[in-house]
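The values are calculated or read from the model by the stated rules, or taken from the named source; none is laboratory data. Bear in mind the structure is a predicted one, so any value in this text is a computation, not a measurement. Every residue, glycine as well, gets a Cβ built from its backbone with ideal geometry; the counts of neighbours run over all protein chains shown.
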Amino acid sequence: MSDRRFAFTPDYSVPPGEILGETLEARNVSQADLAARCGLSEKHVSQIITGKASITSDTALLLERTLGVSASLWMNLESSHRLHLARQAEQAKLEEYAPWAAGFPIRELAARGYFQPTRTDLGNVRALLGFFGVTSPDAWEKQYAQLAVAYRGTEAFARSREAVAAWLRIGEIEASRIDTTQYNRTTFREGLQEIRGLTRLDPAQFQPRMVALCQVAGVALVFVPELPKTRLSGATRWLSAEKAMIIQSLRYRTDDQFWFTFFHEAAHILLHGKRTVFVDEAGAEKTAAEDQADRFAADVLIPQARYEELLAGGTPTRAGVSAFARAIGVAPGIVVGRLQHDDVIPFSWFRDLKRAFEFV
């Protein structure tokens with residue numbers, strides 16, 4: 001037998017004034033008589049019975065003394081009825097939000113377990129508001145829509161601000177589960193150097209260490225696969241003055257692109273302000289901050305002086321690339337990716353030196 005729990009939410013409510021009227025009728029007590037006994041006006045008693053006035057705690061105590069019916073009962077009836085009316089008003093409002101909800105990747109979010117699957121527009125609206133932790137589309141606009149458009153982009157690619165916002169929210173939820181220390185810039189810089197030394201390892205080895213090194217520096221590192229209608233590689237956001245977040249989408253699974261993305265996002269934390277959200281999209285337009293982050297990532301992975309030494313020897317060979325990578329302590333795929341990006345070698349060369357990652 002299933003032990004699932006179901007919340008009972010009736011679609012009706014009996015106004016407490018109606019119960020009061022029936023009680024008076026059963027006891028053959030007139031409204032005027034009740035008013036006189038309670039010290040209330042006949043008009044006020046009439047308004048309570050017709051539902052135009054609510055039963056206050058003071059009135060409940062008066063009814064308890066005159067009718068012998070517990071004040072708690074009257075208050076519970078009143079509270080339940082008012083809550084029912086509020087739910088009705090809320091439902092009418094939520095039904096108006098259906099067009100807003102239609103823009104989100106609802107099935108994908110449900111498939112990932114961020115809310116229970118639902119088949120109704122109203123259910124979708126409730127689920128999305130709960131997922132984002134807001135009460136209305138207007139509140140969502142203020143809290144998340146601005147984040148979704150605060151990223152560089154190009155109209156050449158179809159993208160959805162709703163999907164971007166949902167992806168950022170997933171990252172926020174996952175990052176909230178990581179208990180970081182207060183952000184320390186020096187500790188983070190030192191951690192990045194150790195992370196650089198992990199590039200020759202497999203994901204099962206480097207991923208937990210990578211997350212831990214960020215954690216002790218005040219940075220929550222999370223991996224969130226991209227959602228439909230996005231072309232996102234990574235994002236950076238400050239969740240508070242003392243906690244930053246890096247999200248990687250794993251869109252690019254080869255080691256050169258994976259590591260470049262990570263150090264690019266790390267640069268935003270080290271070099272740029274805490275108020276800006278950086279969301280990096282494939283094929284997006286460049287800004288000064290993005291160029292700076294690119295240069296930081298390239299130089300951390302392959303110091304410029306060492307890179308120039310490699311180029312000085314002429315067109316690198318496969319063996320030369322492997323030897324150079326060992327010498328500077330990074331994965332050979334990173335060197336291949338840099339050479340391909342800089343048009344030093346064709347993209348068809350040395351592709352076997354790159355590794356494709358699979359993350360669980």
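Residue under question is residue 162, and the condition is that it be over 21 Å from residue 266 (Cβ atoms) and either outside any loop (DSSP other than H, G, I, E, B) or at pLDDT 95 or above (or both); does it hold? Criteria met by residue 162. Only one residue in 78, 108 is in a helix (DSSP H, G or I), among the acidic types (Asp, Glu) and not assigned by TED's automatic domain parsing to the domain that holds residue 139, so which one is that? Unique residue meeting the criteria: 78.
Looking across the stretch 178-189 at every residue that is in contact (Cβ under 8 Å) with a residue 24 or more places away in the chain and surrounded by fewer than 16 Cβ atoms within 10 Å (Cβ to Cβ), the one that is farthest from the chain's Cα centre (by Cα) is identified as 189. With respect to residue 301, is the statement that it is more than 24 Å from residue 188 (Cα to Cα) and either touching a helix residue (DSSP H, G or I) at 6+ places or on another chain (Cβ under 9 Å) or not assigned by TED's automatic domain parsing to the domain that holds residue 166 (or both) true? Taking the combined requirement at face value, the residue does not satisfy it.
Test residue 95 against the criterion of being under 41 Å from the mean Cα position of the chain (by Cα) and charged (D, E, K, R), and give yes or no. When the stated conditions are applied, residue 95 passes them. On the basis of being within 42 Å of the chain's Cα centre (by Cα) and closer than 15 Å to residue 125 by Cβ, does residue 101 make the cut? Judged against the criteria, residue 101 is a match. Residue 288 meets the conditions (1) touching an Asp or Glu at 6+ places or on another chain (Cβ under 9 Å); (2) in the same structural domain as residue 199 (by TED's automatic domain parsing); (3) among the aliphatic types (A, V, I, L, M) in every case but one. The failed one is (1). Against the criterion of being in contact with a Cys (Cβ under 6 Å, 6 or more places away or on another chain), surrounded by 14 or more Cβ atoms within 10 Å (Cβ to Cβ) and more than 30 Å from residue 129 (Cβ to Cβ), residue 62 qualifies. Would you tally the residues in the stretch 292-309 being of a type in the set (Phe, Trp, Tyr) and more than 35 Å from the chain's Cα centre (by Cα)? Number of matching residues: 1.
Condition test on residue 42, is it in contact with a helix residue (DSSP H, G or I) (Cβ under 7 Å, 6 or more places away or on another chain) and in contact (Cβ under 8 Å) with a residue 60 or more places away in the chain? In short, no. One residue stands out among those in the stretch 194-209 that are in contact (Cβ under 8 Å) with a residue 40 or more places away in the chain and crowded, with 17+ Cβ neighbours inside 10 Å: the one that is nearest to the chain's Cα centre (by Cα), which is 207.
One line per residue, one yes/no per condition, for (1) part of a loop (DSSP other than H, G, I, E, B); (2) among the aliphatic types (A, V, I, L, M); (3) modelled with pLDDT under 85; (4) on the phi > 0 side of the Ramachandran plot:
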{"site": "119", "(1), (2), (3), (4)": "yes, no, yes, no"}
{"site": "124", "(1), (2), (3), (4)": "no, no, no, no"}
{"site": "128", "(1), (2), (3), (4)": "no, yes, no, no"}
{"site": "131", "(1), (2), (3), (4)": "no, no, no, no"}
{"site": "143", "(1), (2), (3), (4)": "no, no, yes, no"}
{"site": "154", "(1), (2), (3), (4)": "yes, no, yes, no"}
{"site": "168", "(1), (2), (3), (4)": "no, yes, no, no"}
